[in-house]
Amino acid sequence: MLNLVLFGPPGAGKGTQADFLIKKFHLTHLSTGELLRNQIAERTELGKKAELYMDKGFLVPDSLVIEMLKNELLEHKEVTGYVFDGFPRTVEQAKALDEVLSKNGTEIAGMLLLSVEKDELIKRLLARAKTSGRPDDQGTEIIENRIHEYDEKTRPIKDYYAAQNKFHRIRGMGSVEEIAERLIETVSAL
Ligand code: ADP
């Protein structure tokens, strides 16, 4: 299996780039943000709980997200690898992911950080707000909460993967195709 963690702040282009990677390397896209939005749309118990955090731009508690991720992995045992997008977002989640993958006899091959300057992030998120319909894209305060959560809780995961020699930084500025090329080059060398 080839398991990749696509990493970066909100607006870094993880969803867009995940599409390139899954096609190129025949992987399965697993976005916890998308899974949570589906839960909200279906009005499940999990969805109702998650919504309280997401709409304000805060992270959903680890216990809820980890449980959801484990269920998702159990449902797709036959896949050849994953692009994890938006997960892990805390060191706790990163440890849980390593644990569940190792039980399945596999591991993360690499963590790819898409690095984008803050001004550019806010510009992209405000542009996306016009078409995404996502409540958490509406308003600078919510967006700033999301970036703050990333800086406080998510960014430290970098060190967790660096300690395993799995950390790769990719410049996330430029055209979508240019960034995809850089990612593909890095993944091909893993
Ligand atoms: P973005 O990366 O643009 O913020 P996502 O779709 O990945 O978008 O996430 C949207 C929201 O969903 C996050 O702000 C957070 O509230 C919630 N979320 C998604 N994944 C996780 C996760 N792994 N842990 C906690 N909360 C999450």
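Contact map, the range 33-55: first residue on the phi > 0 side of the Ramachandran plot, second residue within 10 Å of the ligand (Cβ to nearest atom) and open to solvent by 80 Å² or more (accessible area, probe 1.4 Å), Cβ cut-off under 7 Å, separation 6 or more or different chains; the map is empty. Annotation: Leu73 fulfils all but one of (1) open to solvent by less than 30 Å² (accessible area, probe 1.4 Å); (2) at pLDDT 95 or above; (3) within 14 Å of the ligand (Cβ to nearest atom); the unmet one is (2).
Can you confirm whether Glu152 is among the charged types (D, E, K, R) and without any contact (Cβ under 8 Å) to a residue 60 or more places away in the chain? Walk me through it before giving the result.
Details: among the charged types (D, E, K, R): yes; without any contact (Cβ under 8 Å) to a residue 60 or more places away in the chain: yes.
For Glu152, the condition - among the charged types (D, E, K, R) and without any contact (Cβ under 8 Å) to a residue 60 or more places away in the chain - is met.
Tell me yes or no: at least one residue of the range 122-134 is under 15 Å from the mean Cα position of the chain (by Cα) and more than 14 Å from the ligand (Cβ to nearest atom). No, there is no match, as no residue in the range 122-134 is under 15 Å from the mean Cα position of the chain (by Cα) and more than 14 Å from the ligand (Cβ to nearest atom).
Within this structure, Pro61 fails the test of being within 13 Å of the chain's Cα centre (by Cα) and within 12 Å of the ligand (Cβ to nearest atom). Screening Phe58, Phe7 for residues that are open to solvent by less than 80 Å² (accessible area, probe 1.4 Å) and among the aromatic types (Phe, Trp, Tyr) leaves exactly one candidate, Phe7. Is it the case that the range 35-49 has a residue that's hydrophobic (A, V, I, L, M, F, W, C), out of contact with any Phe, Trp or Tyr (no Cβ under 6 Å at 6 or more places or on another chain) and within 9 Å of the ligand (Cβ to nearest atom)? The answer is yes; a qualifying residue exists.
Residues in the range 80-112 that are open to solvent by less than 20 Å² (accessible area, probe 1.4 Å) and more than 13 Å from the ligand (Cβ to nearest atom): Gly81, Tyr82, Leu101, Ile108, Gly110, Met111, Leu112.
One residue is enough: does the range 165-180 have a residue meeting the conditions open to solvent by 30 Å² or more (accessible area, probe 1.4 Å), within 15 Å of the ligand (Cβ to nearest atom) and either not in a loop (DSSP other than H, G, I, E, B) or not polar (S, T, N, Q) (or both)? Full working, then the answer.
At the first step, the residues of the range 165-180 found to be open to solvent by 30 Å² or more (accessible area, probe 1.4 Å) are 165, 167-169, 171, 173-178.
Add one more test, that the residue is within 15 Å of the ligand (Cβ to nearest atom), and what stays is none.
Among the residues of the range 165-180, not one is open to solvent by 30 Å² or more (accessible area, probe 1.4 Å), within 15 Å of the ligand (Cβ to nearest atom) and either not in a loop (DSSP other than H, G, I, E, B) or not polar (S, T, N, Q) (or both), which makes the answer no.
The values are calculated or read from the model by the stated rules, or taken from the named source; none is laboratory data. Everything numeric in this text was worked out from a predicted model, so none of it was measured. Cβ: placed from backbone, ideal geometry, glycine included. Neighbour counts: every protein chain shown. Just so you know, the surface numbers come from the protein's heavy atoms only, side chains and all, with ligands and any DNA or RNA stripped out. Shrake-Rupley method; radii C 1.70, N 1.55, O 1.52, S 1.80 Å.
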